[in-house]
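The numbers here are math on the coordinates, done by the rules we state, and not lab data. All figures in this text were calculated on a predicted structure; none of them were measured in a lab. All Cβ positions, glycine included, derive from the backbone under ideal geometry; neighbour counts span all protein chains shown.
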Amino acid sequence: MIRYLALIIALIALPFPAAAHKVIFAIFKSGDSIEGELGFSNGDMSAGTTIQVLDAQGVQIGEAVTDRDGFFIFTPTEPIPHVFKADMGAGHVAEATMPANEIAEILGVAAIEETLSQQAPAGTAETAAQVTVASLSNEERLAIAEAVRDEMRPLRRELAAYREKNDLQTVLGGIGYIFGLFGLYFYIAARRRMAGQ
Amino acid sequence: MHIVDGALSNSVVIAGTVLAVGGVAMGLKRLSLERIPATGILSASFFVASLIHVPIGPSSVHLILNGLAGLILGWAAFPALFVGLLLQTVFFGFGGLTVLGVNALNIAGPAVLTWLLFGKLVERSSPTTGAIWAGVGGAFAIAATTCLVAFSLMLTGDAFIPAAKLVFFAHIPVMVIEALLTGTAVYLVRKVRPDLFSAIKGAAH
């Protein structure tokens with residue numbers, strides 16, 4: 001029995017990397033649009049996948065296509081909840097929802113940008129003078145927001161990858177659960193047999 | 001191999017769950033006291049085996065070991081693989097809770113089928129021939145699982161042939177590895193503990 005156990009232990013102790021075949025789908029606000037990322041938890045990103053954008057009732061309001069890195073951008077036009085659906089085939093589907101209030105915030109940013117672009121031709125000297133007085137212009141605020149987003153992107157990706165990491169503790173915990181469950185069943189079965197005798 | 005939540009229609013999920021519950025009940029009924037430790041160990045092996053990834057081209061696939069579980073456990077492979085799947089869902093988010101029944105059926109069904117088809121052959125023949133049959137069984141279990149996954153997807157609307165092809169060809173390397181692993185494992189078990197198969201089977205009846 002010991003040799004048999006050794007065989008099984010050798011089998012389960014084979015080196016196991018952390019990756020798993022799980023779909024990762026994340027959407028986040030990005031200035032005047034919604035940015036998203038689609039891929040597998042083993043690091044493969046999903047390129048060229050069509051993302052359906054639906055409203056709360058399931059009516060299609062648009063679509064987006066992922067680029068080489070699994071990134072996609074969608075610009076909302078109405079402050080309603082947006083449901084993003086991705087189907088990568090072979091049973092790999094994912095869904096994410098952005099609530100109406102976040103969409104409204106995005107539209108708010110878009111409105112600011114629009115007024116800025118309309119104002120732009122009119123007297124640049126005037127705006128430059130304002131900047132020195134006011135703490136931050138809307139234009140600068142948008143530029144800073146964009147810079148921060150760019151800096152945050154790798155961090156966010158790393159965080160997502162870290163969350164998907166299967167560490168040894170979890171694996172050992174799972175094995176412990178399995179042995180515990182079968183031990184419990186063994187106990188119940190043994191009691192039943194003892195009672196039967 | 002793990003179908004995720006939301007990929008299948010409700011009727012497929014319900015049918016799969018009902019069949020899986022039946023399989024687990026059948027397995028527990030056949031599970032005698034003597035087989036419980038072996039069932040637990042194979043359940044743990046399956047749980048960990050799915051974390052071993054074999055990189056293939058742009059994607060990667062993982063081992064399943066359902067053929068081995070089926071050959072050693074017979075019907076008891078159902079509860080063993082079900083428990084493994086449940087914990088994978090809870091701990092790692094593989095698959096999903098609603099599709100647990102379908103996944104259990106897709107993985108444990110071929111395990112039982114392998115046992116029905118090759119179990120007797122493995123038991124009766126010499127260790128070497130038995131190992132070859134076990135290897136064939138290991139590859140067969142994976143092939144059957146890919147077909148069942150494609151079938152589940154087809155019932156929900158995907159075209160069967162392209163889906164099946166995709167999953168099947170991606171898993172050819174896994175079939176080879178599983179065949180070798182199952183063959184070697186059965187050979188070793190027969191060599192170091194020849195009474196394991198007969199003892200387990202004997203206790204079952």
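Details
- Added length on full extension, which subtracts the Cα-Cα distance from 0.36 nm per residue, A:LEU107 to A:LEU142: 11.3 nm
- 3J(HN,Hα) from dihedral phi, the range B:22-28, Karplus parametrisation 6.51/-1.76/1.60, rounded to Hz, x for glycine, proline: x, x, 5, 4, 4, x, 5
- The angle between the Cα long axis of helix B:172-192 and the main principal axis of chain B comes to about 20°, on a 0 to 90 degree scale.
- Rough spin-label spacing in nm, given labels placed 7 Å along Cα→Cβ, for A:ALA56 and A:ALA190: 5.6 nm
- Cα shape, the range B:73-117, gyration tensor, a/c 1.5 rule: prolate
- Around the amide H of B:ILE64, modelled in the peptide plane, lies no amide H under 5 Å away from a residue 5 or more places distant or on another chain.
- Rounded to the nearest 10 degrees, the angle from helix B:195-204 to the longest Cα principal axis of chain B is 70 degrees.
- Taking amide H as placed 1.01 Å from N in the peptide plane, A:GLU63 has its amide H under 5 Å from the amide H of A:VAL53, each at least 5 places away in sequence or on another chain.
- Shielding value for B:145-154 is 1, the average number of Cβ atoms from other chains within 10 Å of each residue's Cβ.
- Modelled spin labels at B:LYS191 and A:ALA160, positioned 7 Å past Cα toward Cβ, are 4.7 nm from each other.
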